[in-house]
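As structure tokens, the structure follows; a few thoughts come after it.
The values are calculated or read from the model by the stated rules, or taken from the named source; none is laboratory data. The structure presented is a predicted model; accordingly, all values stated were derived computationally and were not measured. All Cβ positions, even for glycine, are placed from backbone atoms using ideal geometry, and neighbour counts span all protein chains on display.
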Amino acid sequence: MSKNLTTKILEAHLVDGSLVPGTEIAIRIDHTLLQDATGTMAMLEFIAMQLPRVKVDLAAQYIDHNLLQTDYKNADDHAFLTSAAMRFGVHLSKPGNGVSHQVHLERFGVPGLTLLGADSHSPTAAGVSVLAIGAGGLDVALAMAGHPFNLPCPKVMGIKLIGKLPDWVSGKDVILEMLRRHTVSGGVGKVIEYYGPGVASLSATDRATIGNMGAELGATSSIFPSDERTRQFLVSQGRGDGWRQLAADEGAAYDEYDEIDLSALEPLIACPSSPDNVVPVSEVAGTKVDQVIVGSSVNSSYRDLMTVCRIMEGSRVASGVHFHVNPGSRQVLENVAQDGGVLMLLMAGVSIHQSGCLGCIGMGQAPGTDQVSLRTFPRNFPGRSGTKGDKVYLCSPETAAASGIYGVITDPRDLGKIKSYPAVQNPETYLLDDSGIIPPLEDGSAVEIKTGPNIVPFPDFEPLPDALQAEVVIRLGDNVTTDHIMPAGNKVLPLRSNIPAISEHVFEQVDAEFPARAKAAGNGIVVAGENYGQGSSREHAAIAPRYLGIRAKIVKSFARIHKANLVNFGILPLIFKNPADMELFDQGVQVSFPDVRRLVENGASEIPVLVNGREITTLLEVSDRQRQELIAGGTLNFVKTSQH
């Protein structure tokens, strides 16, 4: 029987279960990825397992998010992560070496492997045919400890690509077209697999862009075949011996299907404030622009940056526009510099920053009040930039450069009247420099782990009680993101290793009184609509509410990673059987869950909830393993109990 590529990789890594969509499977993980915003807590969780060394083939820790050192906190966290990496056998990418996804693509990714990353944009590795999945830090810590990764078996959405991109249109426009068609929830429970004759026209870094923003579709992962373009990229990185050809079988079936004619695409842009609010650039052309930023976890490759360099060459940034470039890695910057690109940017009036996530995670580069910011980033959720009421648009490097020159949103095809399209290709051989990566020690047992005053031990959580009385602490609508639940930015991110402190910021942008109400309630619940918890993989959006006393979340539907994180920390992820029942759950209402522990333990899929004298039914759609974790009060409690 013909098989698609996703099925082949999953079969090769299957530890438990059957590849039936929706049922739980367990897969072996080859690589793990941590970054510093998620890594501090994940490393504390790994330390709690009391193992001498990681048991995964390759573990990597990147320092790429918390790069602003406004006080001791981030520097202390970096010292902690460095010492923990040396102690436990983890590769460490130093501050300024680059964004985790770009560096892993360049230096570690190998076709056909699995990667579990504590960052939702881990599927950037699709650029070299790695099946990469974003997850909460605890799931990654468990994989580092040698445990398989459990997840609902995904459906596979096949996207046939035909044709070739026209000038001034790039990989960013492909994924924006996907978001225009399928929305931020269109990929939930699915792997997006690209195939067809058009794939060969896309470079590894084009594919990485598309894979990265598959996370904005809500997809479990994205994957491309490993072909000649993949081989070229690995050879250019001095890693050609890791290449192997991988593709779907001829006539392979898919659970869902779509087709994109690359030659018919035009420049697209996502308007404020959602990645799926996509229109042709021509529809919003002429809108005044105040800020342009190129580069983050996406669109920060050599090809992306050198394209901007060539477009800007001989031109100047428009007066009143602040134009920033964030290289994806030190390697990218060194190669752009070698080819004269740095001088082109400087002469055009562009500011060049260190390699890192920076403004994408709200770590600096915030726009001013009512200013329009054009970014090649993956997300434009409200307030994520650090500015309340922000007006952030997402676009390609070509559109960003054109708009930076003219000072208004500009269809880059208009540049064709004065410039020829640069058609930049990735180098045949990259200038390589791994001095920013510290390899693991053969024996790190003598390394002392450094912990500063901001690194607080993981809190203890109580098991699920026999019955639960709780208060509705907040009621929300659809598409609530993890940025809404647990904000990023330079004020909050440094508190990732301090749960008591970071919990004071839960729902800060939505309702600043939430932490106080949650603590006063004793036991609380959160009520919301569709696609609750979309966006970042940050497990703090589950840990911090749990610390405040949230014991259940009742919604119309969950995003995959957030639902898994809720289970990991003992919060019941319940779904309204009748969505209209949500109207009964006003803020402040008292609710009860009678006999809830026995129901969870006995495998009940329907959990009754009493509210205002009425009994309504909620659904608990979790595996037997997850039920045991919920009863224990969280996965760490369950793992500790199982080990003794």
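General remarks:
- For segment 599-632, the candidate set comprises residues that are of a type in the set (K, R) and surrounded by 13 or more Cβ atoms within 10 Å (Cβ to Cβ); within that set, the residue that is modelled with the highest pLDDT is R627.
- Test: T40 is surrounded by fewer than 21 Cβ atoms within 10 Å (Cβ to Cβ), more than 22 Å from G127 (Cβ to Cβ) and either among the hydroxyl-bearing types (S, T, Y) or within 20 Å of the chain's Cα centre (by Cα) (or both): no
- Which numbered condition R413 misses (of (1) assigned to a helix (DSSP H, G or I); (2) surrounded by 24 or more Cβ atoms within 10 Å (Cβ to Cβ)): (2)
- Number of positions in segment 544-580 that are farther than 18 Å from S623 by Cα and either of a type in the set (S, T, Y) or modelled with pLDDT under 95 (or both): 1
- Helices (runs of 4 or more DSSP H) wholly inside segment 299-399 containing at least 1 residues that are among the charged types (D, E, K, R) and surrounded by fewer than 24 Cβ atoms within 10 Å (Cβ to Cβ): 302-312, 330-338
- Test: residue in segment 402-409 that is in contact (Cβ under 8 Å) with a residue 12 or more places away in the chain and under 30 Å from T482 (Cβ atoms): yes
- Taking helices (runs of 4 or more DSSP H) as the structural unit, those lying wholly within segment 129-231 and holding at least 2 residues that are of a type in the set (K, R), more than 20 Å from I25 (Cβ to Cβ) and not assigned by TED's automatic domain parsing to the domain that holds R538 correspond to 171-182.
- Contact map, segment 300-317: first residue outside the structural domain of A337 (by TED's automatic domain parsing), second residue crowded, with 24+ Cβ neighbours inside 10 Å and assigned to a loop (DSSP other than H, G, I, E, B), Cβ cut-off under 9 Å, separation 6 or more or different chains; the map is empty.
Residue-by-condition table, conditions (1) closer than 16 Å to P225 by Cβ; (2) assigned to a loop (DSSP other than H, G, I, E, B):
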{"position": "G238", "(1), (2)": "no, yes"}
{"position": "D241", "(1), (2)": "no, no"}
{"position": "R244", "(1), (2)": "yes, yes"}
{"position": "E250", "(1), (2)": "yes, yes"}
{"position": "D258", "(1), (2)": "no, no"}
{"position": "S263", "(1), (2)": "no, no"}
{"position": "S274", "(1), (2)": "no, yes"}
{"position": "V279", "(1), (2)": "no, no"}
{"position": "S282", "(1), (2)": "no, no"}
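- Only a single criterion out of (1) under 32 Å from the mean Cα position of the chain (by Cα); (2) without any contact (Cβ under 8 Å) to a residue 60 or more places away in the chain is not satisfied by I616, namely (1).
- In the set G251, G186, G242, only one residue is touching a Gly at 6+ places or on another chain (Cβ under 9 Å) and either at pLDDT below 95 or more than 30 Å from K388 (Cβ to Cβ) (or both); that residue is G242.
- Each residue in segment 565-592 was checked for being closer than 17 Å to Q626 by Cβ and in a strand (DSSP E or B), and 4 pass.
- Considering segment 442-493, and only residues there that are part of a loop (DSSP other than H, G, I, E, B) and of a type in the set (S, T, Y), the residue that is surrounded by the fewest Cβ atoms within 10 Å (Cβ to Cβ) turns out to be S445.
- Scanning segment 501-554 for residues that are under 20 Å from the mean Cα position of the chain (by Cα) and free of Cβ contacts under 8 Å to residues at least 40 places away in the same chain yields a total of 1.
- Among the residues of segment 307-336, those identified as over 25 Å from S203 (Cα atoms) and not hydroxyl-bearing (S, T, Y) are G314, R316, V317, A318, G320, V321, H322, F323.
- Looking only at residues of segment 185-235 that are farther than 24 Å from P397 by Cβ and polar (S, T, N, Q), we find that the one that is surrounded by the fewest Cβ atoms within 10 Å (Cβ to Cβ) is S185.
- Within the set V278, V235, V284, V289, the sole residue that is closer than 19 Å to V350 by Cβ and either of a type in the set (V, I, T) or in contact with a Ser or Thr (Cβ under 8 Å, 6 or more places away or on another chain) (or both) turns out to be V289.
- S403, sole failed condition from (1) buried (at least 24 other Cβ atoms within 10 Å of the Cβ); (2) more than 20 Å from W168 (Cβ to Cβ); (3) polar (S, T, N, Q): (2)
- Of everything in segment 123-166 that is hydrophobic (A, V, I, L, M, F, W, C) and farther than 30 Å from A48 by Cα, the residue that is farthest from the chain's Cα centre (by Cα) is I162.
- Count - residues of segment 539-570 that are surrounded by fewer than 24 Cβ atoms within 10 Å (Cβ to Cβ) and on the phi > 0 side of the Ramachandran plot: 1
- Among the residues of segment 163-190, those identified as of a type in the set (K, R) and either without any contact (Cβ under 8 Å) to a residue 12 or more places away in the chain or closer than 18 Å to Y257 by Cβ (or both) are R180, R181, K190.
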